[in-house]
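Participant: Structure in structure tokens, see below.
The values are calculated or read from the model by the stated rules, or taken from the named source; none is laboratory data. From a predicted model like this one, the values you see are computed outputs, not experimental measurements. FYI the Cβ positions are ideal-geometry reconstructions off the backbone, even for glycines, and counts take in every protein chain you see.
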Amino acid sequence: MPRVSVIIPTHNRPARLPQAAASAGAAGHDVEIIVVDDASTDETAEVCQTLAGIRYVRIERNQGVAGARNVGIFESTAPYIAFLDDDDLRLPGSLDLQADALDQNSDAGFVCGAMIMADQNHQPTGEIIRPRHAGGDAFWELLELDFPVMPLSALIRKECLLRVGLLNRQVTTIDDWDIFTRIAEIHPVLTMQEPVGSYRRPTPDSAQGSSARASQLRLAARHQRRLFLLPRAAALTWKQRGAIRRRTIDRVCETLAWSTVNEHLPARRLRAALENIGAALALDPAFALRAGFRHKTAQKLRREFRSA
Amino acid sequence: MKTPRASIIIPTHDRPDRLRRAIASAFAASKDVEVIVVDDASADETAQLCASIAGIKYVRAERNQGVAGARNLGLVASRGEFISFLDDDDLRLPNSLDDQIEALSRSPAAMLCYAQAIPEDQTGKQGPPFPDACRQGDIFWDLLKGNFIPCGSVVFRRRCISSAGLLDDSISRIDDWDFWLRVTELFPVIGLKTPVLVWRAPARNSRQGSSETVEVIELAIKHFRRNCRRMPRVARASRRQRQQSWRAFSMNLADHLAWETFRSLCAADFSRAWVCARTLFKLHPGVLVHLTWRWTRASTIKTFIAGQHEPEGMKIRFKEIRSIPDT
């Protein structure tokens, strides 16, 4: 029986798939690579035929990322599960490292490592995103969106998935946040500072990535209400829940505003900027009046003017 | 570790009284079977009960998943090449699973095999097995009109899941219908005209069962409008065929709702009758004319008054959407 199953969902994007699969194979000794082809209509099937050492699973009807990952979980035989997107890379040895960590801590639900940010050609940009948590009980931080966990950097114990349920297809863009929060509710979390994956940033020029981000954050803010139904959150007083809600919305608005001011406005992407501001206003109508945001915007604008 | 030939998945939630019998019947259904009990966050003694039964695979969900979510967890835990679901209050007949697997092995193209179920009411009285006609091959359009497949009677190949996806856990209680639809859209199926299951009907007069019926019907209508019409085969079909299947589907549900309304009125339960009638009118405002004509012609009302029997074809009360065989 393999030790780790790497699940690579893919849909009509065969160009970078071989690289991702190869990186998964090099990331551990006893790895089962499952490529879940989510009803691709192009040459993905032929590309997968040429890849050695993978298991190819084809879904005939499109299920979305979460549904495809669930089918991957169904097909997997290993006790540990890693998700890998078809355009990201796992670093060599990283799966062994994380599996060892989970072996040593038998009650941990998942282990989260650091990520190297890379550009379109997988050249590291020098930026490394490390987990902002020391490990242990991370439920509240995850619930508040204070501790982002990317699926690329995590290795999950399959047994824990059976305890909290599979990925939620209803929230297919934030299914990772949803599942990590649900696992962290009943299991402690491990973190490690070593980089385990290389994450390809979406092209800065494409406004698509960022508007997807705005809708993702909005969805997250909405979905948080459902996560409040989890027993540990439901046991709080409404005042405590309100405080969590407040902090989350502040954080989301700040992220949206920051990306508007720092990324979209300098690049003159007005549509994305408006979408972000709209999303922030929908969540918190008074956010533009908050002191922090005003100061930051003013500073930024001043700098812009000076450089111009 | 040897891979078993078949897996039977039994989701359960706070109902240990009949579970032991269900598990025993599952073991008797096949010579080479693994029985997976998915305990959907039960708060009672289900866990102790399962610990006392040897040979089962016990999966406990700490957070309630609903029937579909629990079945999905069972699927993930399963290893058998052939998979079957069993409800915790139903019974599999001895050797029935092996017979169905045999039938599937004989025709490699078929992905799913269903068969008949014997309904049993709360007192243990058994009725004639349903569905009457076990159609084979491509049953997609028949199934679209209403679910006539008893959930526990189905055995399907593992590949069904990887081709059609897991169950949709947002529509618990019609999740099986949705899954059979997705499978039959792609593959031919086998229908065996032999009973394989004893299906325990929900308490006839329980108020809860009835309001549940209305809820399930509403869910099914929503699902049909939103998702079934977008299935590639439906979307590609002619307008006439689409309309035909919608008409048959809505008539099927309208029959149920009308019957439910009628029964509630007889039992002087006016709030329930109101709920049913409201759903009925929302479904199809002109339905009353049609139903009156149909029911008089079928002289069902007469038989009801004479013998206090339910009309033919409505003997089956459904836990999930049980369709009426075409009258």
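Participant: Filter the range A:62-90 for residues that are surrounded by fewer than 21 Cβ atoms within 10 Å (Cβ to Cβ) and out of contact with any strand residue (DSSP E or B) (no Cβ under 6 Å at 6 or more places or on another chain) and give the result.
Facilitator: Answer for the range A:62-90, where residues must be surrounded by fewer than 21 Cβ atoms within 10 Å (Cβ to Cβ) and out of contact with any strand residue (DSSP E or B) (no Cβ under 6 Å at 6 or more places or on another chain): A:G64, A:T77, A:P79, A:D85.
Participant: Related question: If B:N64 satisfies every condition in (1) surrounded by 17 or more Cβ atoms within 10 Å (Cβ to Cβ); (2) under 15 Å from A:R163 (Cβ atoms) but one, which is the exception?
Facilitator: With (1) surrounded by 17 or more Cβ atoms within 10 Å (Cβ to Cβ); (2) under 15 Å from A:R163 (Cβ atoms) applied to B:N64, the lone miss is (1).
Participant: Still on this structure, I have one more. I'm told A:A24 meets every condition in (1) in contact with a helix residue (DSSP H, G or I) (Cβ under 6 Å, 6 or more places away or on another chain); (2) under 13 Å from A:L95 (Cα atoms); (3) of a type in the set (A, V, I, L, M, F, W, C); (4) in a helix (DSSP H, G or I) except one. Can you identify the failing condition by its number?
Facilitator: (1)
Participant: Still on this structure, please answer the following. Criterion first (in a loop (DSSP other than H, G, I, E, B), under 16 Å from B:R158 (Cα atoms) and in the same structural domain as B:V196 (by TED's automatic domain parsing)) does B:G80 satisfy it?
Facilitator: Working: in a loop (DSSP other than H, G, I, E, B): yes; under 16 Å from B:R158 (Cα atoms): yes; in the same structural domain as B:V196 (by TED's automatic domain parsing): yes.
Spelling it out, B:G80 is indeed in a loop (DSSP other than H, G, I, E, B), under 16 Å from B:R158 (Cα atoms) and in the same structural domain as B:V196 (by TED's automatic domain parsing).
Participant: Something else about it: Any residue at all in the range B:122-135 that is aliphatic (A, V, I, L, M), more than 14 Å from every other protein chain (Cβ to nearest Cβ), within 18 Å of the chain's Cα centre (by Cα) and not in a loop (DSSP other than H, G, I, E, B)? Let's see the steps before the verdict.
Facilitator: Step one: list which residues in the range B:122-135 are aliphatic (A, V, I, L, M), which gives B:133.
Remaining after also requiring more than 14 Å from every other protein chain (Cβ to nearest Cβ): B:133.
Among the residues that remain, those that are also within 18 Å of the chain's Cα centre (by Cα) are: B:133.
Adding the requirement that they be not in a loop (DSSP other than H, G, I, E, B) leaves none.
So far as the range B:122-135 goes, no, none of its residues is aliphatic (A, V, I, L, M), more than 14 Å from every other protein chain (Cβ to nearest Cβ), within 18 Å of the chain's Cα centre (by Cα) and not in a loop (DSSP other than H, G, I, E, B).
Participant: Same structure, new question: Which condition does B:E218 not pass, out of (1) in contact (Cβ under 8 Å) with a residue 12 or more places away in the chain; (2) outside the structural domain of B:R233 (by TED's automatic domain parsing), if it passes all the others?
Facilitator: Going through the list (1) in contact (Cβ under 8 Å) with a residue 12 or more places away in the chain; (2) outside the structural domain of B:R233 (by TED's automatic domain parsing), B:E218 breaks only (2).
Participant: Pull up the range B:40-85, narrow it to residues that are away from chain A (no Cβ under 11 Å) and among the acidic types (D, E), then point me to the one that is nearest to the chain's Cα centre (by Cα).
Facilitator: The selected residue is B:E81.
Participant: Of the residues A:L236, A:L230, which is among the aliphatic types (A, V, I, L, M), surrounded by fewer than 17 Cβ atoms within 10 Å (Cβ to Cβ) and more than 26 Å from A:D96 (Cα to Cα)? Talk me through it step by step, then tell me what you get.
Facilitator: Numbers: A:L230 fails: surrounded by fewer than 17 Cβ atoms within 10 Å (Cβ to Cβ).
Sole residue among the options that is among the aliphatic types (A, V, I, L, M), surrounded by fewer than 17 Cβ atoms within 10 Å (Cβ to Cβ) and more than 26 Å from A:D96 (Cα to Cα): A:L236.
Participant: Moving to a separate point now. Looking at the range A:72-97, I want the residues that are within 14 Å of chain B (Cβ to nearest Cβ) and farther than 14 Å from A:A24 by Cα and have a partner that is basic (K, R) and part of a loop (DSSP other than H, G, I, E, B) with Cβ atoms under 6 Å, at least 6 apart or on another chain. Which pairs are those?
Facilitator: Short answer, once both residue conditions are applied: A:A78/A:R3.
Participant: Let me spell it out: the conditions are (1) within 14 Å of another protein chain (Cβ to nearest Cβ); (2) closer than 24 Å to A:A78 by Cβ, and A:R61 meets all of them except one. Which number is the exception?
Facilitator: Answer for A:R61: the failing condition is (2).
Participant: Which of the residues belonging to the range B:131-162 are more than 24 Å from B:E212 (Cα to Cα) and free of Cβ contacts under 8 Å to residues at least 40 places away in the same chain? Outline the logic, then answer.
Facilitator: First, the residues of the range B:131-162 that are more than 24 Å from B:E212 (Cα to Cα): B:132-142, B:155-162.
Matches in the range B:131-162: B:D142, B:S162.
Participant: Can B:L283 be described as under 26 Å from B:F140 (Cα atoms), touching a helix residue (DSSP H, G or I) at 6+ places or on another chain (Cβ under 7 Å), in contact (Cβ under 8 Å) with a residue 60 or more places away in the chain and surrounded by fewer than 19 Cβ atoms within 10 Å (Cβ to Cβ)?
Facilitator: On the way: under 26 Å from B:F140 (Cα atoms): yes; touching a helix residue (DSSP H, G or I) at 6+ places or on another chain (Cβ under 7 Å): yes; in contact (Cβ under 8 Å) with a residue 60 or more places away in the chain: yes; surrounded by fewer than 19 Cβ atoms within 10 Å (Cβ to Cβ): yes.
Criteria met by B:L283.
Participant: Taking the range A:285-308, which residues are free of Cβ contacts under 8 Å to residues at least 40 places away in the same chain and either on the phi > 0 side of the Ramachandran plot or buried (at least 18 other Cβ atoms within 10 Å of the Cβ) (or both)?
Facilitator: Correct list: A:F287 only.
Participant: Right, something else. Quick one: which helices (runs of 4 or more DSSP H) lie wholly within the range A:100-200 and hold at least 3 residues that are within 14 Å of chain B (Cβ to nearest Cβ) and in contact (Cβ under 8 Å) with a residue 12 or more places away in the chain? Explain how you work it out, then say what you get.
Facilitator: On the way: elements: A:139-143, A:158-164, A:175-186.
Correct list: A:158-164, A:175-186.
Participant: If you don't mind, another one. Just one of A:R246, A:R294, A:R226 is in a helix (DSSP H, G or I) and within 14 Å of another protein chain (Cβ to nearest Cβ); which is it? Break it down stepwise before answering.
Facilitator: On the way: A:R246 fails: within 14 Å of another protein chain (Cβ to nearest Cβ); A:R294 fails: within 14 Å of another protein chain (Cβ to nearest Cβ).
Going through A:R246, A:R294, A:R226 in turn, the sole match is A:R226.
Participant: Filter the range B:155-175 down to the residues that are of a type in the set (A, V, I, L, M), surrounded by 24 or more Cβ atoms within 10 Å (Cβ to Cβ) and more than 7 Å from every other protein chain (Cβ to nearest Cβ) and list them by number. Working first, answer last.
Facilitator: Restricting attention to the range B:155-175, the residues satisfying the condition of being of a type in the set (A, V, I, L, M) are B:155, B:161, B:164, B:166-167, B:171, B:174.
Applying the additional criterion that residues be surrounded by 24 or more Cβ atoms within 10 Å (Cβ to Cβ) yields B:155, B:161, B:164, B:166-167.
Residues satisfying the conditions are B:V155, B:L167.
Participant: On to the next question. Is there a residue in the range B:5-18 that is in contact (Cβ under 8 Å) with a residue 12 or more places away in the chain, more than 14 Å from every other protein chain (Cβ to nearest Cβ), closer than 30 Å to B:Q136 by Cβ and surrounded by fewer than 22 Cβ atoms within 10 Å (Cβ to Cβ)?
Facilitator: Taking the range B:5-18 as the starting set, the residues that turn out to be in contact (Cβ under 8 Å) with a residue 12 or more places away in the chain are B:5-16, B:18.
From what's left, more than 14 Å from every other protein chain (Cβ to nearest Cβ): B:5-6, B:8, B:10, B:12, B:14-16, B:18.
Going one step further and asking which of them are closer than 30 Å to B:Q136 by Cβ, we end up with B:5-6, B:8, B:10.
The next check asks that each one be surrounded by fewer than 22 Cβ atoms within 10 Å (Cβ to Cβ); those that pass are B:5.
Within the range B:5-18, one or more residues are in contact (Cβ under 8 Å) with a residue 12 or more places away in the chain, more than 14 Å from every other protein chain (Cβ to nearest Cβ), closer than 30 Å to B:Q136 by Cβ and surrounded by fewer than 22 Cβ atoms within 10 Å (Cβ to Cβ).
Participant: Restricting attention to the range B:176-185, which residues are more than 12 Å from chain A (Cβ to nearest Cβ) and touching a strand residue (DSSP E or B) at 6+ places or on another chain (Cβ under 9 Å)? Write out each step before concluding.
Facilitator: Our first condition is that a residue be more than 12 Å from chain A (Cβ to nearest Cβ); within the range B:176-185, this holds for B:176-177, B:180, B:184.
Passing the criteria: B:D176, B:W180, B:T184.
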